[in-house]
Amino acid sequence: MLFELRDVSLRRGERQVLDSLATQIPAGAAAIVGPSGSGKSTLLRLLNRLADPDSGAIEYRGRPLAEYDPLALRREVSLVPQLPALLDGSVGSNLRYAADLAGKELDAGRCLGLAGLDPDFAERDVSRLSVGEQQRAMLARALAQQPRVLLLDEPTAALDHAARDAIEATLVELRRELDISLVLVSHDPAQARRLASWALRLERGRVAACGTLEEALA
Amino acid sequence: MSISIHVSLGQVAASLALVALAAAISFWRQTDLERDIVVATVRSIVQLTAIGYAIKLIFEADSLLLVAVLLSAMVVFGALTARSRAKKVPGAFWPLLIALAVAGATTLGLVVALGIFEATPRYLVPVGGMVIGNAMTASAVALNRLGDEVTGSRAAIEATLALGATAREAAAPFVRRALRSGTIALVDSTKTTGLIFFPGTMVGMLLAGAEPTDAVRLQLILLYALLGSVAIATLVATGLAYRNFFTPAQQLREPGG
């Protein structure tokens, strides 16, 4: 099992964001779906320790998350946030930064290609990219770290249909090319059906359903 | 540099005519500042008179211990004042206190070690006061900016943390901007000094009857000492304060959390 969550709860002020969550997320392509405010993005942030739960336990590959060095964990379990947030400079310098942090050799052309961008994007300044291109550059930057798991938070939320379809095709292609697991947060069950083989449906911070697509999204 | 002039209370009282003018303009143009002008004037009389007597006592006692007590009190009050302008930075008091203390001690230590001033109350008190005051203003500006930068860039900082960057690496661009904004005002005023305005020390010395060349030289020394102390204070304040935004697990703390 990729992730196992036991009795995970988290409050933010007055709001119970996650409420005694217990579930398992298998390797492969998993989707976390649910209405906005159901705790999907918060759950994703717990999986690479950008935040910790107030109570409960999370395991990654059978070992408590708290036992991992958070920095090493984040290079292995890479989160691509909903809104693109690249560092100032070129796309290539962003890729280099990520690869150096992970101590990996950088093949910029391959990372860009996997994210659906031409190699010449390496030279482009991030301030001159469209939102869709920025989203792809974020994906390429995450891939530069050669992660084992990609956590994707609403990767197409800011995009039009054409750009969404292109990113989805890229993600399918990624799964085919690399031995990598995806955990995808989406408010759109149809997108979960297109991209994942397993789903977790959250409602108000609780597990409403989980399992195969038929079981979870019925 | 032994110059001394006597200023009578009558002369000070006469200068209040200009305060009355300021209050009258405020009243006439309805800027609603009359009350503040009166409060500011009364406070300036009380505070400066009190510090004047305190300095007189310290000069007469010729005690370095008293100098240290006075400057330490200024560091504490400076840190408290600066903290009120850096509300978005959690736990800003300690970084500010350490920054002001380090900036004051290093700058005074250097000017004494380099033989610029003697280690006597007559030099240490006024120079120390200026250094700590300017360090306070600069570090308040720097931390104010740091608070705005970090709260306004949470998504960008988390995106960098998500790559496995340390808090220090993720905060670096914002710390750099904060550092710059704390220092730039003094750099700019140093550039224009003598052209657009006459700095206070020089004006004071000229009024007291000093040679213009002496006035200029002393002013230059103080400007450079201030540049050094402001750089040290903003470096220490931002370098310590950014850590308070993060947990030991290199997570960005929730606002107010």
### Query
Pick from A:Leu143, A:Leu151, A:Leu112, A:Leu87: which is over 17 Å from the mean Cα position of the chain (by Cα), within 25 Å of A:Leu73 (Cα to Cα) and within 13 Å of chain B (Cβ to nearest Cβ)?
A:Leu87
### Query
Among the numbered criteria (1) touching a Lys or Arg at 6+ places or on another chain (Cβ under 7 Å); (2) at pLDDT 95 or above; (3) of a type in the set (Gly, Ala, Ser), which single criterion is violated by A:Ser9?
(1)
### Task
Give the residue that is farthest from A:Leu71 (Cα to Cα), with candidates limited to residues of the range B:117-162 that are within 14 Å of chain A (Cβ to nearest Cβ) and among the charged types (D, E, K, R).
B:Glu149
### Task
Look through the range A:18-68, keep the residues that are within 13 Å of chain B (Cβ to nearest Cβ) and of a type in the set (S, T, N, Q), and return whichever of them is farthest from the chain's Cα centre (by Cα).
A:Thr42
## Note on the structure
Scanning the range A:46-67 residue by residue, the ones that are touching a strand residue (DSSP E or B) at 6+ places or on another chain (Cβ under 7 Å) and either crowded, with 18+ Cβ neighbours inside 10 Å or of a type in the set (A, V, I, L, M, F, W, C) (or both) total 9
### Task
Please find, among B:Arg145, B:Arg122, B:Arg154, B:Arg176, the residue that is under 25 Å from B:Gln250 (Cβ atoms) and touching a helix residue (DSSP H, G or I) at 6+ places or on another chain (Cβ under 8 Å).
B:Arg145
### Query
B:Pro255 fails exactly one of the following numbered conditions: (1) more than 26 Å from B:Ile5 (Cα to Cα); (2) part of a helix (DSSP H, G or I). What is the number of that condition?
(2)
### Query
Which members of the range B:1-44 meet the condition of being surrounded by fewer than 13 Cβ atoms within 10 Å (Cβ to Cβ), of a type in the set (Ser, Thr, Tyr) and within 26 Å of the chain's Cα centre (by Cα)?
B:Ser44
### Message
Test of understanding: among A:Pro81, A:Pro119, which residue is farther than 18 Å from A:Arg201 by Cβ and surrounded by 21 or more Cβ atoms within 10 Å (Cβ to Cβ)?
### Response
A:Pro81
### Query
Mind checking which residues of the range A:174-218 are more than 16 Å from the chain's Cα centre (by Cα) and among the acidic types (Asp, Glu)?
A:Glu177, A:Glu203, A:Glu214, A:Glu215
### Task
For the range A:2-17, name all the residues that are more than 14 Å from chain B (Cβ to nearest Cβ) and either assigned to a strand (DSSP E or B) or more than 17 Å from the chain's Cα centre (by Cα) (or both).
A:Phe3, A:Glu4, A:Leu5, A:Arg6, A:Asp7, A:Val8, A:Ser9, A:Gln16
### Task
Go through the range B:204-236 and give me each residue that's crowded, with 18+ Cβ neighbours inside 10 Å and of a type outside the set (A, V, I, L, M, F, W, C).
B:Gln219, B:Ser229, B:Thr234
### Query
Does any residue of the range B:86-108 turn out to be part of a helix (DSSP H, G or I), closer than 17 Å to B:Gly133 by Cα, touching a residue at least 60 places away in the same chain (Cβ under 8 Å) and of a type in the set (S, T, N, Q)?
yes
#### Entry: Number of the exception - B:Val69 against (1) surrounded by fewer than 17 Cβ atoms within 10 Å (Cβ to Cβ); (2) within 30 Å of A:Asp88 (Cβ to Cβ); (3) away from chain A (no Cβ under 14 Å)
(2)
### Task
Just give me the residues in the range A:139-163 being at pLDDT below 90, surrounded by fewer than 18 Cβ atoms within 10 Å (Cβ to Cβ) and under 18 Å from A:Leu112 (Cα atoms), in sequence order.
none
### Task
Please enumerate the residues belonging to the range B:208-257 that are charged (D, E, K, R) and away from chain A (no Cβ under 14 Å).
B:Glu211, B:Asp214, B:Arg217, B:Arg243
### Query
Is it true that B:Leu66 is within 20 Å of the chain's Cα centre (by Cα) and assigned to a helix (DSSP H, G or I)?
no
### Message
Condition first: at the interface with chain A (Cβ under 10 Å from one of its Cβ atoms) and either of a type in the set (Ser, Thr, Tyr) or closer than 15 Å to A:Leu87 by Cβ (or both). Can you find one or more residues in the range B:173-189 that meet it?
### Response
yes
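The values are calculated or read from the model by the stated rules, or taken from the named source; none is laboratory data. Nothing here was measured: the structure is a model prediction, and the numbers come from that model. Because the Cβ atoms are built from the backbone with ideal geometry, glycine has one as well, and the counts that use them run over all protein chains shown.
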